[in-house]
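Let me begin by presenting the structure, written as structure tokens, before commenting on it.
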Amino acid sequence: MSIESLILIVVIVVLVFMCLLIFLTRYKKCPSDRIMVIYGKVGQNTDGTNRTSKCIHGGAAFVWPVIQAYQYLDLTPLSIQVDLKNALSRQNIRIDVPSIFTVGISTEQGVMQNAAERLLGLAMNEVQELAKDIIFGQLRLVIATMDIEEINTDRDKFLEAVSRNVESELKKIGLRLINVNVTDISDESGYITALGKEAAAKAINDAKKSVAEKVRDGSIGEANAQRDQRVEVATANSKAITGENTAKIEIAQSDAARREKEAEAMRLATAAEKVQSAKALEEAYAAEKEAELARSAREKATLEADVIVKAEIQKRQIELAAEAEAERLRRQAAGEADAIYAKMEAEARGMQEILKKQAAGFADIVDAAGGSAKDALMLMLADKMEDLMKVQVEAIRDLKIDKVTVWDSGEGKDGKSSTANFLSGLLKSIPPMNEIFEMAGMELPEFLGKKIGPKEPPKLEGPEAEAAPGPDAKPGEKLQDKA
């Protein structure tokens, strides 16, 4: 055999041994007091979703390296001390129910999966605290649905209700309830103590009643026997027997009176206990009423504070909105004012440019007229004359005059005919052209005529000039007269 073959055989043997060693080290056995939880890639559920873990209680399983890992859940029972105080019963009486609960991780398939999902990696004290919180809540819930008499007398019913409610909640996290032990039940108002005293008094009274009845039966039987004996022995002793019977009757009456007094005393004691219990309940109800009133007042104050704060916030929001709206309107007004100012400024600049152009045009017209303003005005009038005539024609265009008939009856006043007078009046009704031009602020052209002013008096010389009146003289006054 060659060296290469020997090396190959050794390598194969080593590989087989390592595989076997890995298999032996990864094959894990689960003890009876634990649950082995294998997590990682552990397969799929029936609905196609990936399984979160695989739980094994007892037996063994192979844990694949790299893709799987495992941990243990301890099945050791946990004892939880639950000191429930001031739990409110259905009668609104607060009681103390100290109890001890024993719980542990469940080995049921569905519940065991819940434990693997919710308790894996938690320490025992953390699991204990979690279970304790659940037990507290369910215990209070059960007490709130039962009367104190049921809790105190029918313990089996109370424990059954507690076990049913607590275990259904513990299963959600993978736990099961093993045992419940209620040590004692008490209340602050003394209601349970009063119930015990009432039961004890009733038992004592029943016992006393039974003893008295037995004593009475024995006395009656003894008296009857003695009576028969005396009757049989001798009728002569009838008086003695009658006296003895009378004495016994008196004794029986005395015993009956004594028992009646004892029963009356017991009745008074029971009534006093009931009255004290009722007063204690009344005080407890009054204290609870005061607490409820204080709580309602606190809630009312809290509600009023919330409403006032909300109203202040809304008021501040309205003020801020109004200030923002005012600022927006102010900015809008400022923008509109700036726009109007810019528009008016632009129009003013345009008007200024128009006036400048018109002034330049007027200057050119004056230059064309040889520097004479009157000639320039005449040129402008001649240019606008056609427009003026159009305006005058438009003014009388709509007047319809078919014909004008003048009847002349001959000469009239001042040697003028009626036709001449009519034409004269018609011409006088037309305003002179010179006045029209003056009203328009213009001067009549010279080729249309001149306004005739007052004639100057002829210059006189010599004595005639001296005799002529001055310009300020009154009519008919002469120079000599003035002197």
Rel. contact order, % - alpha carbon contacts under 8 angstrom, at least six apart, region 76-188: 41 percent
Measure off 7 Å from each Cα along the Cα-to-Cβ vector at R227 and K214, then give the distance between these two points in nanometres to one decimal. 2.5 nm
Gain upon complete extension [N245, Q81; 0.36 nm per residue less C-alpha separation]: 52.2 nm
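A short reminder: the numbers here are calculations on the coordinates, not readings from a lab. These figures come from a predicted structure and were not determined experimentally. Please note: Cβ atoms are built from the backbone with ideal geometry, for glycine as well, and neighbour counts cover all protein chains shown.
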